[in-house]
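Worksheet: one structure, shown below.
No value in this document is a laboratory result; all are computed from the given coordinates. Model, not experiment: these values are computed from the prediction. Note that we place each Cβ from the backbone using ideal geometry, even for glycine, and neighbour counts take in every protein chain shown.
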Amino acid sequence: MMRKSLTLLAVLGLLAGVALAACTGSPQTGTQSFAGPPYTLRVLASNELADLRPLLTQAAKATGVTVDMTFTDSLHGSDQVVAGEANGHYDADWFATNRYLAMNPKGLSQLDDVTATMSSPVILGVRASVAHALGWDSKPVTWQDILTAIVAHRFAFGMADPDGSNSGLTGLVSVATAITGRGAALTGQEITQAAPQLAQFFAGQSLKVSSTEALTSTYVRDQGGQAQGDQLDGLIDYESALLELNASHQLREPLALVYPSDGVVTSDYTFSELTSAPRAAKNAYRRLAAYLLTPDVQRQIMQQTRRRPIIPQVRPDVGFGRQQLFELPFPGTAVVIDDLESAYYRTLRRPARTVYVLDTSGSMANAPINELKSALVTLIDGGGDTAIEPREQVTMVPFNATPAAPATFTVPASDPQPVLDQIVTFAGNLKAQGRTAIYDALVTAYQVVESESAGDPNRITTIVLLTDGENNTGDNLAVFQKFYNGLSPAIQSVPVFPILFGSANTLQMGQLAQLTGGTVFDGRHLPLATVFQLVRGDQ
Amino acid sequence: MSRVRFRRTSTSVVALAAAVILAAALDVSAVAVRRVVDPDPSTVVVEVAGSSDFFDDSAVVSELQKDGYRIDQSDLGSYQIANEPDPAAGNALANADGKSAALYIESKVPKQGNFPETGNPYSSPLVIVTHPQIVSLLVTAGIVKYTNGIPIFDVATYLNAVTSGEEWADIKGNKTFLSPNRIMLTTTDPMYSNSGATFAAILADTLNAGTLGRGQPLSDPDFQSLDECFTIQGAMEQHTPDLLRKFAADGMNAYPMALVYESSAISAKFGRSGTLPADTVLMYPNPDIVSDTTLVAFNALGEHIINLLSAGTPSSDPSLVGLEEQDGFRTSSDSQTFMGYMASRHVPVINLDQAPVTFVRPPDESAYQALIKRIG
């Protein structure tokens, strides 16, 4: 009898201990302890969230949750999630916004819990001297005011591509919504009505790049000077990116932050659990999400990433300015977004001009020239984000010991196929023989740009050079440099993007890119078609 | 209703296993174990498809436990429940996002005797959460008038403002709210969410002068006016709790006013999470619709739970009914209890007995579905 009672007491004590442990081990909202079993959460995240790494290292210590991030841009990432492609590979996503996902009827059903974590509006950054000259540092500025300055040639800006970056698409939506001036979400018919004004606005876009990250680095490189053929006075970008630039000590002139008083669009970086994620992942997500929303962590996010806190208890600090931000309603359907993007590429944005300088010397015979031809065909006819654009002017300058006569093709805004076919035919007729005179060909390319720009100056222009070998005849780099230095600043600002393959001279190509403001692409380890796509993304 | 959340139980598996082992090892009677260990093996687990914040309230959990029940909720939204092979399988109840969703779920379950059947233990009218500055502007614009100290939002006047494209900047004497936008009430998307869909019904009733329920579709011009109230918003939230959260977090310049359930506004202001700004004002649209929380019972257990929750039934649990009212729901018990709770917290709410607004019945199912489809 006695023994049974003692045993009973002991076991009850044990159970009480177990029950107690179970209670404190489970996550509760409102407690300050986020500790829990270690877990590695697989997250598909927007590229700019690389700036969260230090904070997430700290979070891992506090919560046991290690975040394994795979980076992409918010637009393509959203497509992946909607298509169900993220399921099984990721536990959560973390894009700049869930807006695009939400536009698809299946979109939000792919997500369980969602948590907005921090925010950043897309605004304008303007070189301080230009802001001052325009009076933009002392009074409210509207998108309409910015349009007026553009039309007067007093302001030109850079922006990332709307089809590859949320900052670009948000910028496009903001401008279009505000300029139509209807105080409501943009609809399809307003895009058509506002097209002339929007075309005037985007005539002021002198720099285009594929990603938000490239926008920052290209601005640093080109600041205050000219880029791709015109002045560059500022950027349409996230407030956080502009604040970061100002703090980076890389700017000759700080950027004045202009918050248009006729409305902005803010992204709220919604950290979202995938419905398909396993139970343990969801538990880990919840702990981490709760941790991210605590006031101390919100303050750290603000300091480290320069994005605004999301909880009312933490106010944005003084660096964020005191302006009132009014949020513009965002388009309700994917159709409106698609129409707007389509209008941007077809009619609103300054059309492109690309000169392809193509090595057809003897070393390219057989496999290399065939690879080049099929890469060109993919480029021309492949469709997708990096295909040749409506209204683009494409000039081919094949070369060996001497440059061939340039062949120029202008792609119409609609029904481009006949002209694209002509380019394909031209590419198909390329033959490889002779020596390699790279710099002579580049001289021809710049002369083409000069003569084409004289009659048609409004294009964003780049030169793409493909070569598999060393320059072994004609002008050398030094001679070319002299020629280049004699060009007008506007033509000098046209960059050369060398694509290397074979035994091309990496050093010289690097110098060439640096001189002209381009970037070298190494085509030796990737299929040429892929490299072309990368180049198109960065042109 | 509430956002999907994963199945949450109030006990841990470890403690349960230990209790079973203990009971077996010591051959101790169940009574002795129950005194010290959770869970109580005699507690009946009630599986509920779908989820509700109310069942997560710890006071509600305790009260139900005293009655001998533990609710186990699942992740699914109403339409997910309805699309399960057998929604009733393993469930006593389903928590539906409104009457329409409840009927849809019911239609997917084979009839067995009286089941499935629906119950409406508690309800909530729609309210508009807003900021004091906005209320003043709306009074100037003639959209809002005070009755018995409560701001009443006139839907017909609002419709005129929308169709004439009126902007905040147009309101006489507005020097402080410099929004570039049109006067617009933010709602959820009627295609996905009951609160937005209910507002569409309110608009339709206003335009049709109460004839919507008789199956009369709106004329094209009237429909355009209704549709404009949604198209001006552009992208809308798909779940009411998300809208309320954003209203609280993003401020007046993003959300001058938002349409939500009275119960969620009250819990957000005074509940455990207390997330609304202290100066949030509740306005009532006129006309308004009372949205009934609809539970679908699949069996006798489910029916019993509904009865426990409902005021005035033989098995009603007055403590549960009291908790419903404290959480901001209206029940069919003496309305003074609800009014008393709200008065003690200084929340001005309308007294249904005084009828300061017209409550219209939700339209019949087919008219409702036809309207939503037309908007989509």
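Computed quantities for the displayed model
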{"read-out": "Test item: Cα-centred dipole of region A:277-394, Lys/Arg +1 and Asp/Glu -1 on Cβ, debye", "value": "880 debye"}
{"read-out": "Average projected area [Cα convex hull, region A:132-273], square nanometres", "value": "9.6 nm²"}
{"read-out": "All-pairs alpha carbon distance profile, chain A, 10 Å steps from 0, percent", "value": "3, 17, 24, 23, 17, 9, 3, 2, 1, 1, 0"}
{"read-out": "Of A:106/B:111; B:99/B:145; B:246/B:269; A:431/A:482; A:106/B:373; B:99/B:246, those spanning more than 19 Å from alpha-carbon to alpha-carbon", "value": "A:106/B:111; B:99/B:145; A:431/A:482; B:99/B:246"}
{"read-out": "Rounded FRET efficiency, nearest 0.05, which uses the C-beta distance separating residue A:482 from residue A:421 and R0 of 41 Å", "value": "0.55"}
{"read-out": "Residue-span extension gain [residue A:294 to residue A:365] - 0.36 nm each, minus C-alpha spacing", "value": "19.2 nm"}
{"read-out": "Ranked B:74, A:240, A:165, criterion: other C-beta atoms within 10 Å, fewest first", "value": "B:74, A:240, A:165"}
{"read-out": "Computed lengthening from residue B:355 to residue B:147, 0.36 nm per intervening residue step minus Cα-Cα distance", "value": "73.9 nm"}
{"read-out": "Fewest-first sequence of A:421, A:262, A:237 by Cβ atoms within 10 Å of each Cβ", "value": "A:421, A:262, A:237"}
{"read-out": "FRET efficiency, 1/(1 + (r/R0)^6) with R0 25 Å, evaluated for residue B:364 and residue B:117 via beta carbons", "value": "0.85"}
{"read-out": "Expected-Rg normalisation [2.2 N^0.38 Å, Cα atoms] applied to region A:246-312", "value": "1.56"}
{"read-out": "Local electrostatic count at residue B:163 - Lys and Arg +1, Asp and Glu -1, tallied over other residues with Cβ under 12 Å", "value": "-3"}
{"read-out": "Cα gyration tensor category, rounded, prolate or oblate, for the protein assembly as shown with a/c compared to 1.5", "value": "prolate"}
{"read-out": "Rounded if a/c under 1.5, otherwise prolate or oblate - region A:442-539, Cα gyration tensor axes", "value": "oblate"}
{"read-out": "Beta bridges per DSSP with both ends in chain A, % antiparallel, nearest 5", "value": "40 percent"}
{"read-out": "The protein assembly as shown, dipole about Cα centre (Lys/Arg Cβ +1, Asp/Glu Cβ -1), debye to the nearest 20", "value": "1580 debye"}
{"read-out": "Helix-only mean residue ellipticity at 222 nm for the protein assembly as shown, each DSSP H run of n ≥ 4 adding -39500 (n - 2.57), per residue, nearest 500", "value": "-12500 deg cm²/dmol"}
{"read-out": "Potential extension, residue A:435-residue A:87 segment - 0.36 nm per residue separation minus Cα distance", "value": "120.0 nm"}
{"read-out": "Least to most buried among B:291, A:138 (fewest other Cβ within 10 Å first)", "value": "A:138, B:291"}
{"read-out": "Share, in percent, of DSSP beta bridges within the protein assembly as shown that are antiparallel, nearest 5", "value": "50 percent"}
{"read-out": "Aspartates and glutamates whose Cα lies under 15 Å from that of residue A:282, excluding same-chain neighbours fewer than 8 positions away", "value": "A:68, A:91, A:93, A:112, A:113, A:273, B:75"}
{"read-out": "Electrostatic dipole magnitude of chain A [Cβ: Lys, Arg +1; Asp, Glu -1; Cα centre; debye, to 20]", "value": "1580 debye"}
{"read-out": "Pairwise label distance in nanometres, residue B:319 with residue A:50, each label 7 Å out on the Cα-Cβ vector", "value": "5.8 nm"}
{"read-out": "Bridge type composition, region A:331-443 - antiparallel percent by DSSP, nearest 5", "value": "40 percent"}
{"read-out": "FRET efficiency for residue B:160 and residue B:347, using Cβ-Cβ distance with R0 set to 22 Å, rounded to 0.05", "value": "0.15"}
{"read-out": "Region A:145-209 shape via C-alpha gyration tensor axes, a/c threshold 1.5", "value": "oblate"}
{"read-out": "Expected-Rg normalisation [2.2 N^0.38 Å, Cα atoms] applied to region A:202-302", "value": "1.47"}
